[in-house]
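Let me begin by presenting the structure, written as structure tokens, before commenting on it.
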Amino acid sequence: MSDRAVTIEEQAERIARRVEALGWSSVPAPVNDGARRTVEKRRLLKAIEENAKAQGREPRFLLPAKG
């Protein structure tokens, strides 16, 4: 390995090449179930969800199902 600094753009290109080589459509990421979210964060996400729905679209995230 080199001690040379890697830019964000270079790292993004490396990741994109690796994802393509592996045949993935995207980089897998763990799903956050939201179990440890603060009350404030839950309120914020709910407000974002309601605002998106008022604009006739879905939010870019999914709130965990209550159960």
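The values are calculated or read from the model by the stated rules, or taken from the named source; none is laboratory data. In this text the structure is predicted, and so the values were computed from the model without any measurement. Backbone-built Cβ (ideal geometry, glycine too); neighbour counts: all protein chains shown.
Only residues that are of a type in the set (Lys, Arg) and modelled with pLDDT of 90 or more: list them for the stretch 43-67, please. Residues satisfying the conditions are 43, 46, 53, 57.
Please determine whether any residue of the stretch 5-23 is in a loop (DSSP other than H, G, I, E, B) and at pLDDT below 90.
No, every residue in the stretch 5-23 fails to be in a loop (DSSP other than H, G, I, E, B) and at pLDDT below 90.
Looking for something in a loop (DSSP other than H, G, I, E, B), loosely packed, with under 11 Cβ neighbours inside 10 Å, within 15 Å of the chain's Cα centre (by Cα) and not polar (S, T, N, Q) - is there at least one such residue anywhere in the stretch 31-50? Scanning the stretch 31-50, I find at least one residue that is in a loop (DSSP other than H, G, I, E, B), loosely packed, with under 11 Cβ neighbours inside 10 Å, within 15 Å of the chain's Cα centre (by Cα) and not polar (S, T, N, Q), so the answer is yes.
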